[in-house]
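Trainee: Provided herewith is a single structure, encoded as structure tokens, for subsequent inquiry.
Read-outs throughout are calculated quantities, based only on the coordinates presented, and are distinct from any laboratory measurement. Here the structure is a predicted model, which is why all the values come from computation and not from measurement. We place every Cβ from the backbone using ideal geometry, glycine too, and count neighbours over all the protein chains shown.
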Amino acid sequence: MAASLGLLSIGTDTGGSVRHPAANCNLVGLRATFGRVSRHGVLAPAWSYDQAGPLTKTVEDNALAAQTLSAFDPKDPVSVNAPAPDYLSGLRSGARGVRVGVPSDRWIWERETEEVEELVREAIGVLEGLGCRVSRVSLPLAAETRAAHFKISLPESCVYWTRNFSAETIEGWPEVRQGIEQGREQPFAEYLAGLEQSAVIGQELAAAFREVDVIALPTGGTLNDRCDADTAVIRGREVPARSRAVYINGMASLAGTPAISVPCGFAVDNRLPVGLQLMGRRMEEGLLFRTAYAYEQATGWYLRRPPIEETVGRLPE
């Protein structure tokens, strides 16, 4: 998508795998409400929260794709049986009056660099200039998102892969095999604890959405992380690099709420894209699209392309 080799891509978002690459590639990525887009025929190893969604260059393209994809499918047991949405009709209605919540919790902001925080806060300032009513929200319990995510996804993935693929096939996938073994060895009590944590995080977000319509925060990314390193240094602290984005992106996944990432600037010598994430209430993708579109059109970051050749040239040999 970033290299203009296609008009539309569809990914599967478990802990952010639509939003995360969208942010890294200056694209728009949507994780729809859990069950809004059918998972039939999709590799979906985490039963409890896998969700397909589109990646596009613009919010309007994303809304059109999501509108087409959002249909009831009895072949997916969690498919939402609801009328087809019309995301395009209100797309240009503007963001005036939308209540935007900004997390006051430092654990969220400190998962990203100071430069990313500055860009995202500037983006929130643009939303306020467009007439959004910005206020603070607190999400302290969601700090357990990544832990809950893996307590649930590892054992579910173990069941999925071993049920659908032969031992010989799995043996050839070392990156999958490691997770399978971890899921097999995990006590069942931890899986139940993960489900309980997920429910608590969902309650916390639901309480926040009684006060605001949208929550604005960074899209968890891997800005400037090395692909051959297990750790990254963020704000002077060494943190695990693998699945680092799940700390932030996993909130919407566990709660089953929609979330969209939209380009909001470039960092690290003005080379690497950054995403603004907007989370909303279940089945309210239309409001997310309307808010994201207003921001996108006011800034124009989506028109810029990452310097692919220059970036690739700087990768370690």
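Trainee: Between PRO155, PRO187, PRO273, which gets the highest mean-square fluctuation from a Gaussian network model of the chain, Cα cutoff 10 Å?
Mentor: In this elastic network of the chain, the residue with the biggest mean-square fluctuation among PRO155, PRO187, PRO273 is PRO187.
Trainee: Net charge within 13 Å of VAL116 by Cβ-Cβ distance, Lys/Arg positive one each and Asp/Glu negative one each, not counting VAL116 itself?
Mentor: On the way: positive: ARG111, ARG121, ARG235, ARG244; negative: GLU110, GLU112, GLU114, GLU115, GLU117, GLU118, GLU122, ASP225.
Residues close to VAL116 contribute a combined charge of -4.
Trainee: Okay, next question. Rounded if a/c is under 1.5, else prolate if a/b is larger than b/c, else oblate: which is region 134-195, with a ≥ b ≥ c the root eigenvalues of its Cα gyration tensor? Could you put the intermediate results ahead of the total?
Mentor: On the way: a/c = 3.63, a/b = 2.34, b/c = 1.55.
It comes out prolate by the Cα gyration axes.
Trainee: For region 39-175, what is the charge dipole size about the Cα centre, in debye to the nearest 20, if Lys and Arg each add +1 at the Cβ and Asp and Glu each add -1 at the Cβ? Intermediate results must be reported in sequence, preceding the final value.
Mentor: Working: 14 positive and 20 negative charges, 123 e Å.
So the dipole magnitude of region 39-175 works out to roughly 600 debye.
Trainee: Then there is this: Give the separation of the Cα centroids, region 1-56 to region 166-242, in Å.
Mentor: Their Cα centres are 16 Å away from one another.
Trainee: Among VAL37, TRP107, VAL233, whose Cα lies farthest out toward the positive end of the dipole of the chain, if unit charges sit on the beta carbon of Lys, Arg (+1) and Asp, Glu (-1)?
Mentor: Result: VAL37.
Trainee: I need the phi-derived Karplus couplings for region 288-294: 6.51 cos²θ - 1.76 cosθ + 1.60, θ = phi - 60°, integer Hz, Gly and Pro marked x.
Mentor: Computed from phi, the couplings for region 288-294 are 4, 4, 5, 5, 5, 5, 4 Hz.
Trainee: What dipole magnitude, in Debye to the nearest 20, does the chain give about its Cα centre under +1 on Lys/Arg Cβ and -1 on Asp/Glu Cβ?
Mentor: Working: 32 positive and 39 negative charges, 154 e Å.
About 740 debye.
Trainee: Quick check: pseudo-label points 7 Å beyond the Cα along Cα→Cβ at ARG133 and ARG163, how many nm apart are they?
Mentor: Label at ARG133, label at ARG163, 4.6 nm between them.
Trainee: Output ³J(HN,Hα) for region 67-73: one whole-Hz value per residue in order, computed from phi by the Karplus curve 6.51 cos²θ - 1.76 cosθ + 1.60 with θ = phi - 60°, and x for Gly and Pro.
Mentor: Result, ordered by residue: 4, 6, 7, 7, 9, 5, 9 Hz.
Trainee: Continuing with this model, one more query. Select from LYS151, LYS75, LYS57 the residue whose mean-square fluctuation is largest in a Gaussian network model of the chain (Cα-Cα springs shorter than 10 Å).
Mentor: Judging by the Gaussian network model, the answer is LYS75.
Trainee: In region 269-299, what trypsin sites (Lys or Arg not before Pro) fall in a loop by DSSP, with at most 14 other Cβ atoms inside 10 Å?
Mentor: Details: sites: ARG271, ARG281, ARG282, ARG290; in loops: ARG271, ARG281, ARG282.
Those satisfying the criteria are ARG271.
Trainee: How would you rank 20-32, 295-307, highest first, on the average number of other Cβ atoms within 10 Å across their residues? Mind showing how you got there, number by number?
Mentor: On the way: 20-32: 28.1, 295-307: 16.5.
Ranked from most to least packed, the peptides come out as 20-32, 295-307.
Trainee: Go through VAL126, TYR87, PRO77 and say which Cα lies farthest out towards the positive end of the charge dipole of region 50-134; charges sit on Cβ, +1 for Lys and Arg, -1 for Asp and Glu.
Mentor: TYR87
Trainee: With the chain treated as a Gaussian network of Cα nodes joined by springs under 10 Å, which of TYR191, TYR49, TYR247 yields the largest mean-square fluctuation?
Mentor: TYR191
Trainee: Are there GluC sites (Glu not before Pro) in region 150-251 that DSSP marks as loop and that have at most 12 other Cβ atoms within 10 Å, and which are they? Kindly include the intermediate steps, with their values, before the conclusion.
Mentor: Values: sites: GLU156, GLU168, GLU171, GLU175, GLU181, GLU185, GLU190, GLU196, GLU204, GLU211, GLU238; in loops: GLU211.
Answer in residue order: GLU211.
Trainee: Provide CYS158, CYS227, CYS132 in ascending order of the number of other Cβ atoms located within 10 Å of each residue's Cβ, fewest first.
Mentor: Values: CYS158 20, CYS227 8, CYS132 25.
In increasing order of surrounding Cβ atoms, one gets CYS227, CYS158, CYS132.
Trainee: Would you kindly derive the ³J(HN,Hα) couplings of region 277-286 from the backbone phi angles with the Karplus curve 6.51 cos²θ - 1.76 cosθ + 1.60 (θ = phi - 60°), listing them in order in whole Hz, with x for Gly and Pro?
Mentor: 9, 10, 9, x, 6, 3, 6, 10, 4, x
Trainee: Figure the gain on full extension for LEU43 and SER104 (residue separation times 0.36 nm, minus the Cα-Cα span) and round it to one decimal in nm.
Mentor: Numbers: separation 61, 0.36 × 61 = 21.96 nm, distance 3.58 nm.
Residue separation times 0.36 nm, minus the Cα-Cα distance, leaves 18.4 nm.
Trainee: Tell me the relative contact order for region 10-139 as a rounded percent, counting alpha carbon contacts under 8 Å between residues six or more apart. Walk me through the intermediate numbers first.
Mentor: Working: 190 pairs, mean separation 26.5, N = 130.
It rounds to 20 percent for region 10-139.
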